[in-house]
Amino acid sequence: MDLKKLRKAHHPSGKIIYFDESHHVYYAEDNSNEKFISVTTFIGKFFPIFKFDEISFSYAMRSGLDVGKVRQAWIDKREKASELGNRVHEAVRIFLTNEKKSAIILNETEGRYFKQAKKAIKTMYYFGMELECSECILADLNWKIAGTTDLVFRFQNSLHILDWKSSGEIKTENKFQTALSPIEHLDDTNFAKYALQLNFYRFLIESSGYYPWAREIILRIIHLNENRFEFIDIPNMQREIRMMLKHKI
């Protein structure tokens with residue numbers, strides 16, 4: 001196992017939770033064989049699978065394009081976006097933790113995204129918010145579910161859970177497809193998935209007692225592009241989280 005890719009965090013119970021970045025698995029120190037399901041994977045079970053071959057074929061036929069070229073273009077676009085997000089995330093983490101030895105060299109586009117991320121962070125500091133943790137590993141030992149949120153900030157007695165998003169567009173409506181039961185009242189959109197993700201982090205924090213002093217928990221996306229950043233408020237969806245957990249018992 002690559003120890004550089006093995007991260008750990010203390011759980012309120014006193015146990016240590018490990019996150020193996022190479023294989024994207026979480027586990028507790030006393031049982032490395034019992035893997036936790038990640039928040040992202042759990043949420044994905046409640047949305048239709050994207051039928052890549054079928055949809056790309058249909059698009060190519062309608063557009064008079066080569067199917068193979070369409071599929072490769074989509075793959076390249078997805079991988080490029082993922083690489084951009086990962087590298088900007090890592091640059092922000094290094095910036096916040098002051099790990100100068102781990103500094104990475106960003107290309108021109110990545111640098112512009114990083115500049116906007118730093119502006120967002122400075123804005124939060126300007127309004128008196130204090131950083132609790134960056135890349136925070138959270139877990140519920142009973143449900144065996146874990147995840148990593150990008151930022152947790154504190155302002156007086158309120159806790160702010162935030163995630164960076166560098167996707168081109170955050171869609172809030174889908175007239176053609178919804179999530180699966182029991183949350184089929186939600187549209188199948190990236191906003192719905194992001195909102196559930198942040199609400200799940202809230203659930204993990206509250207169920208495990210990470211910040212018992214918090215009197216209020218606020219969820220936000222920080223949406224980045226090359227020229228600006230935007231804070232997007234996320235609604236309380238603890239009802240949906242409980243429905244999903246009950247459905248999977």
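Since every read-out is calculated from the coordinates, none of them should be taken as a lab result. These numbers come from a predicted model, not from an experiment. Quick reminder, even Gly has a Cβ in these numbers, built from the backbone with ideal geometry, and neighbours come from all protein chains shown.
Count, please, the residues in the range 56-74 that happen to be closer than 23 Å to GLU169 by Cα and either out of contact with any Phe, Trp or Tyr (no Cβ under 9 Å at 6 or more places or on another chain) or hydroxyl-bearing (Ser, Thr, Tyr) (or both).
Total satisfying the criteria: 7.
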So which residues in the range 30-44 are surrounded by 12 or more Cβ atoms within 10 Å (Cβ to Cβ) and not small (Gly, Ala, Ser), if there are any at all?
LYS35, PHE36, ILE37, VAL39, THR40, THR41, PHE42, ILE43
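Conditions tested, residue by residue: (1) in contact with a strand residue (DSSP E or B) (Cβ under 6 Å, 6 or more places away or on another chain); (2) buried (at least 16 other Cβ atoms within 10 Å of the Cβ); (3) in a loop (DSSP other than H, G, I, E, B).
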position: GLU110; (1), (2), (3): no, yes, no
position: TYR113; (1), (2), (3): yes, yes, no
position: LYS122; (1), (2), (3): no, no, no
position: CYS136; (1), (2), (3): yes, yes, no
position: ALA139; (1), (2), (3): yes, yes, no
position: THR148; (1), (2), (3): yes, yes, no
position: ASP163; (1), (2), (3): yes, yes, no
position: LYS175; (1), (2), (3): no, no, yes
position: ILE183; (1), (2), (3): no, yes, yes
Is it true that LEU106 is surrounded by 13 or more Cβ atoms within 10 Å (Cβ to Cβ) and part of a helix (DSSP H, G or I)?
no
Between GLY128, GLY85, which is of a type outside the set (A, V, I, L, M, F, W, C) and either under 27 Å from ILE16 (Cβ atoms) or more than 19 Å from the chain's Cα centre (by Cα) (or both)?
GLY128
Condition met for ARG202 (basic (Lys, Arg), out of contact with any helix residue (DSSP H, G or I) (no Cβ under 6 Å at 6 or more places or on another chain), over 24 Å from ALA28 (Cα atoms) and in contact (Cβ under 8 Å) with a residue 40 or more places away in the chain):
no
